[in-house]
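Undergrad: Shown below is the structure under consideration.
The numbers here are math on the coordinates, done by the rules we state, and not lab data. Here the structure is a predicted model, which is why all the values come from computation and not from measurement. Reconstructed Cβ throughout: ideal geometry from the backbone, glycine too, with neighbour counts over all protein chains shown.
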Amino acid sequence: MSGQPLGTSNQSTPLPCGTIVYRLILRNDGLNPETNRAQRAAFLRRDNEEGLSVFLRDKCDLHEAIGSMKKVRAVVTLHVGRMYDLGLSVVPDENDPRHAEILGVPLPSDDLSTALYLGGQLAGQSRPVWQR
Amino acid sequence: MNAAATPYYEIPNCPTYGHVVVPMEPLLTGVQKKAWVLPGDYVEYWQPRDVASALDVDYDTTISRVIAMAQEEEDGPTLHALTTALVLLANLRDQIDFPFPRATASTTPDGGIHVYWERPGRTLVLAVPPRQDAAGYIYHEDATGHAALRDTSPQTLVRWLTWFAYA
């Protein structure tokens, strides 16, 4: 999933703990073929991303989120408060009220251990809501 | 035809780099016309007895998953990552004295490969780099913590896979 280019996301007030967000999974290998649940690969940051891109469930219909990308393999939900428990922050994108960024996940090239750990935690917390 | 005369097999339909030829010798066991095919003139190498005695479904599944990533149309692993992962897994299988644990796999954003062994309370990841000048890692995680080791030597891989298998 593509996040915002570096420097463009909003660093403003974090979202309320009760917020639910959608994370789009674009590749087959973002899902564990044994369980059909998200695996940590779906939560690794790309070099050109400041954070992990998500959509706010209250502001964006599920099918609108799916339609925002060319090829979506699955969609999972995450609870913002549980991400705060991991030490992450989730901030709204001031350029797109439907969109937010999960901040605090390091690039694998900078800190592979933390990136994989947090990826595993996020995958474990996620709940599947749609699959192609 | 004998083994020495047929040291390669071919993985077809890898969009990024066409067909891939990989050393065959360490990858013989468990391969049975599933995710890849052999060149036609190597057919007689595959006598039923050769495969049946060494069939390993979990290893075969793992290898198939790694190869499937190279057959995706977009953002597949680099050729270096693919061949390195296949050889590391084949060598690993040859060196352990317990059943090969089934793993899943993914392509990383930079074209590397992650191979995941996961069970409740214990995770092991083999991180294969996209390029020869980048480092590979072994990541391990359990209730006591997590760490990534910059070492994918055969001895280290065997040690950590044993740690995983005997959780």
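Undergrad: Take chain A, connect every pair of alpha-carbon atoms lying under 10 Å apart with a spring to form a Gaussian network, then pick out the residue of A:34, A:49, A:64 with the largest mean-square fluctuation.
TA: Evaluated over chain A, the most mobile residue of the options is A:34.
Undergrad: Count, for each residue of B:106-118, the Cβ atoms from other chains sitting within 10 Å of its Cβ, then give me the mean as a whole number.
TA: 5
Undergrad: Multiplying the sequence separation of residue B:96 and residue B:163 by 0.36 nm and subtracting their Cα-Cα distance, what value in nm do you get?
TA: 23.0 nm is the gain from fully extending residue B:96 to residue B:163.
Undergrad: For the residues A:40, B:102, what sequence is obtained by ranking on other C-beta atoms within 10 Å, fewest first?
TA: Fewest to most other Cβ atoms nearby, the residues stand as B:102, A:40.
Undergrad: FRET efficiency for residue B:155 and residue A:70, Cβ-Cβ distance as r, R0 = 41 Å, nearest 0.05?
TA: Approximately 0.40, to the nearest 0.05.
Undergrad: Using the 10 angstrom Cβ neighbour count as an exposure proxy, how do B:87, A:75, B:57 rank, fewest first?
TA: B:57, B:87, A:75
Undergrad: For residue B:105, enumerate residues with amide H under 5 Å from its amide H, sequence gap 5+ or separate chain, H modeled in the peptide plane.
TA: For residue B:105, whose amide H was placed from the backbone, the distant partners under 5 Å are B:116.
Undergrad: May I ask you to evaluate 6.51 cos²θ - 1.76 cosθ + 1.60, the Karplus curve with θ = phi - 60°, for each residue of segment A:56-71 and list the ³J(HN,Hα) values in order in whole Hz, giving x for glycine and proline?
TA: 7, 4, 6, 10, 9, 4, 4, 6, 5, 4, 4, x, 6, 10, 5, 9
Undergrad: Once the Cβ-Cβ distance between residue B:147 and residue A:79 is put in as r, and R0 is 22 Å, what FRET efficiency do you end up with, to the nearest 0.05?
TA: The formula returns an efficiency of 0.20 here.
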